Amino acid sequence: MARVTGVTVAAIARTLRLESQLELALWSHSGRVPFQIWEGIVSAFIPPPLPSDDKRWKIVNGAMRKNGFARHALIETLHAVQSSFGYLDDNAIRFVALSLRVPLSQAYGVATFYHYFSLKPPGKHTLTVCAGTACYIKGADKLIAAAEERLGIVPGHTTADGQVSLMTARCVGACSRAPVMLADGEVTGERTSEQLIEQLERWAVE
Amino acid sequence: MTIEELEQIAESVRRENANFDYEVSVCMDLACASQGSDKLRDALLRSAEASGKKVLVRRTGCMGPCSHGPLVRVDPDKTLYGHVSPGRAQGIVDSLGGEPVAELQCELNEHFDSQMRVVLENAGYIDPEKIDDYIAREGYKALVTVLMEMTPGGVIHRITESGLRGRGGGGYPTGLKWGTVAKAAGDVKYVVCNGDEGDPGAFMDRSVMEGDPHRVIEGMALAAYAVGASKGYIYVRAEYPIAVSRLTMALREARRRGLLGINICNTPFSFDIEIRLGAGAFVCGEETALIASIEGKRGTPRPRPPYPAVSGLWGKPTLINNVETYANIPPIIRNGGKWFSSMGSERSKGTKVFALTGKIANTGLVEVPMGIKLRQIIEVIGGGVPPGHTLKAVQTGGPSGGCIPAEMLDIGVSYDALMAAGSIMGSGGMIVMDDTSCMVNVARFFIEFCMTESCGKCIPCRAGTAQMYTLLTRICTGKGTMDDLALIEDLCVTVKETSLCGLGQTAPNPVLSTLKYFRSEYLEHIANKRCPAGVCHMHAGAEADVFAPAVSQEVVA
């Protein structure tokens, strides 16, 4: 089987006069690229080694491989990192950027642009209070104030002992049950400050 | 797949269902699930099995009146039970064949009678994880029929004839948009579904994606056939994990049935869909920002033209529609454009789904014909504000919309009427506010939202919203002056007219509409340092409000 080595996907896309790598992917999908050439394209790019033996890197790598290490898979890959590690640290962003051949600035830019990505490790537990409009109308500010007072931190931070992170969300879509709170991701509606404190106390005695 | 094969599947589902004497449907949408409807379903399954009766327990999407959840519907009697705890499962199963459980029954006839269900016709009736359930309710019939019998031009003609307008909020005629993409030059075209429901207080798209995912897929496939695309993307918020998993499952099922993939129904038409996750950026609801996000970049908008219909994803002609728009397509194809245009008002055809929330008795998902009086939605369908309080305003369109005062409840809900009232249709969030809400604080809440969500690309939006937020905070803390008010009004015009994209252009709307209808509240805050609703902390030097997170300080600086 003929193998094209030392050639980047972009170069092949250019040779075939295709504007983007995706077009190349679609083109090959349509059966117009001989399988051997496609095989060569895939084997031409060698991604960097995994940062460590941690199995979670394999999940991240898998997400990138699924998308053919295409640059446009940056956000998908960062999602995979965050769901595996809980947050994005510098090492992870650097690894993803190198693997996808994306400038570090772009990878960091994307990681910081989207609110969903966190650059700080989360606490053992995460309490999220929804701050969407319906929750605001139904008094989510009181819930946030109660949590702030109890934990001594403002939203977006983690307690010094690393136990609880307090977050606010921009609507989780359970508006009909406002105000809504998420305890480690589990949605509960029509909450009161007392119920919120109870939850925090349950975590404290664990 | 042929029409006959679809009929066979539908028939087998019907035969299977006919084995059961009763169907017990449990709403498993987020609102009911957050009250333990999964445990309830397990309990119902156990009780049904133990009873020896022939009972089908089914998981469904949103039934509508979430405030009465967890909801259970028993067919064929059409009895709706509300606030059902797992402990009540035995009682419900025992009552089958006898008298219904009176104390759990929901009397919501008025709530349902004024509604008209097109987009939500299946929600609450099918198991969203079973493609056969969807097929049994005429699912994919439109797609197969179109592939066998209609030309792409014919499909576009039918959509144009229906008068359907974009349900994402802008209200651009869908047929016209499809026609532009179809006419655009190029072999490679894309179809994109905007499921980035960033508007806080709205969850229609989530419910459709979770409760009836195949409807969206079928709508997209029809659109792809009409415009000549072979690849589609569904852009969903990462905050909706259930919607993502349901869609993933639905795509797999559709591929398995040969309704997606290469040479669908043995025709030359090939189409497949990929899911892309959003990452919590409101601005990605704007089409050019959404495209940038799918391409793996920061979600910043770019000037239009060129419109995505000509140059969109990877520079190719791209059709972008909202979830609800796609959900409207299959019934239009099945029943004809004239059927659709017979519903609704003069220039707004069909129905609209609203997420009714806030200070109202029946919160939840409602679908009403366009042109219906706002009063009817609030007082009849919504059951009015809770006793002891009076209605103050209805907010539509989220951070891009405005507040409609109680005196104007008799306007009809349509794109044009809402626009004339200083608000917009928006994607369908409808938040009811009573006398405990301070309208200045509401305006400040929305501006704070737009300020943190501004992508920062253009100055009017980035700096303008931050300045407006500072000025509104001054008013809300009793430090505002009449000069501040004048400056706010000035800024509103500047930001509205000079911002790059829809986010900035509409950001001042909540301020403008509250200034128009509730100016006295602003004046009361400034002149008498008093908040009529008692929401704002008026003592001078008051600490920063909890809704002003640390990030806002940085933005202001």
Task: Filter result (more than 22 Å from the chain's Cα centre (by Cα) and within 14 Å of another protein chain (Cβ to nearest Cβ)) within region B:334-393 - done: B:Val385, B:Pro386, B:His389, B:Leu391, B:Lys392
Task: Whichever residue in region B:99-155 is under 23 Å from the mean Cα position of the chain (by Cα) and among the polar types (S, T, N, Q) and, among such residues, is surrounded by the most Cβ atoms within 10 Å (Cβ to Cβ) - done: B:Asn122
Open item on the list: Just to verify a result, which residue in region A:177-203, among those that are closer than 26 Å to B:Ile360 by Cβ and in a helix (DSSP H, G or I), is nearest to the other protein chains (Cβ to nearest Cβ)?
Closed with: A:Arg177
Open item on the list: Scan region B:510-523 and tell me whether some residue there is over 21 Å from B:Met408 (Cβ atoms) and not small (Gly, Ala, Ser).
Closed with: no
Open item on the list: Taking the criterion of being surrounded by fewer than 18 Cβ atoms within 10 Å (Cβ to Cβ), closer than 30 Å to A:Ser176 by Cβ and within 11 Å of another protein chain (Cβ to nearest Cβ), would at least one residue in region A:88-111 satisfy it?
Closed with: no
Task: Members of region B:303-341 that are in contact (Cβ under 8 Å) with a residue 40 or more places away in the chain and among the charged types (D, E, K, R) - done: B:Lys316, B:Glu324, B:Arg334, B:Lys338
TODO: Would you mind telling me which numbered condition in (1) part of a helix (DSSP H, G or I); (2) surrounded by fewer than 23 Cβ atoms within 10 Å (Cβ to Cβ) B:Lys529 fails?
DONE: (1)
Open item on the list: Of the residues B:Gly36, B:Gly64, only one is within 14 Å of chain A (Cβ to nearest Cβ) and in contact with a strand residue (DSSP E or B) (Cβ under 9 Å, 6 or more places away or on another chain); which?
Closed with: B:Gly64
Open item on the list: Could you go through region A:123-145 and let me know if any residue there is away from chain B (no Cβ under 14 Å) and touching a Gly at 6+ places or on another chain (Cβ under 6 Å).
Closed with: yes
Open item on the list: Here is a check on your reading of the model: is B:Ala10 among the small types (Gly, Ala, Ser), within 25 Å of A:Ser176 (Cα to Cα) and part of a helix (DSSP H, G or I)?
Closed with: no
Open item on the list: Can you tell me which of (1) within 14 Å of chain A (Cβ to nearest Cβ); (2) closer than 30 Å to B:Thr145 by Cβ is the one B:Ala250 doesn't meet?
Closed with: (1)
- [ ] Run down B:Leu356, B:Leu290 and say which single residue is buried (at least 24 other Cβ atoms within 10 Å of the Cβ), farther than 30 Å from B:Gly412 by Cα and not small (Gly, Ala, Ser).
- [x] B:Leu290
Open item on the list: Would you confirm, using the coordinates I've provided, whether B:Gly124 is outside any helix (DSSP H, G or I) and outside the structural domain of B:Ala361 (by TED's automatic domain parsing)?
Closed with: yes
TODO: Need at least 1 residues that are among the acidic types (Asp, Glu) per element, so show me which strands (runs of 3 or more DSSP E) inside region B:285-380 make the cut, counting only ones lying wholly within it.
DONE: B:364-369
Task: B:Ile431 over 14 Å from B:Gln505 (Cα atoms) and within 14 Å of chain A (Cβ to nearest Cβ) - done: yes
Open item on the list: Taking the conditions exactly as written (closer than 30 Å to B:Ile291 by Cα, surrounded by 19 or more Cβ atoms within 10 Å (Cβ to Cβ) and not polar (S, T, N, Q)), does A:Leu127 satisfy them or not?
Closed with: no
TODO: Go through B:Met482, B:Met430 for me and flag whichever is under 23 Å from the mean Cα position of the chain (by Cα) and aliphatic (A, V, I, L, M).
DONE: B:Met430
TODO: Please state which of the following conditions B:Asp133 fails to meet, knowing it meets all the rest: (1) over 29 Å from B:Cys265 (Cα atoms); (2) in contact with a strand residue (DSSP E or B) (Cβ under 9 Å, 6 or more places away or on another chain); (3) in a helix (DSSP H, G or I).
DONE: (1)
Task: Residue list for region B:257-284, filter: at the interface with chain A (Cβ under 10 Å from one of its Cβ atoms) and in a helix (DSSP H, G or I) - done: B:Phe282, B:Val283, B:Cys284
Open item on the list: Quick test for you: out of B:Asp187, B:Asp212, pick the one residue that is more than 21 Å from B:Ser311 (Cα to Cα) and outside the structural domain of B:Thr357 (by TED's automatic domain parsing).
Closed with: B:Asp212
Task: From the options A:Asp184, A:Asp141, residue that is on the phi > 0 side of the Ramachandran plot and out of contact with any helix residue (DSSP H, G or I) (no Cβ under 6 Å at 6 or more places or on another chain) - done: A:Asp184
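The values are calculated or read from the model by the stated rules, or taken from the named source; none is laboratory data. Source: prediction; values computed, not measured. A quick note on method: Cβ atoms are made from the backbone with ideal geometry, for glycine too, and the neighbour counts reach across all protein chains shown.
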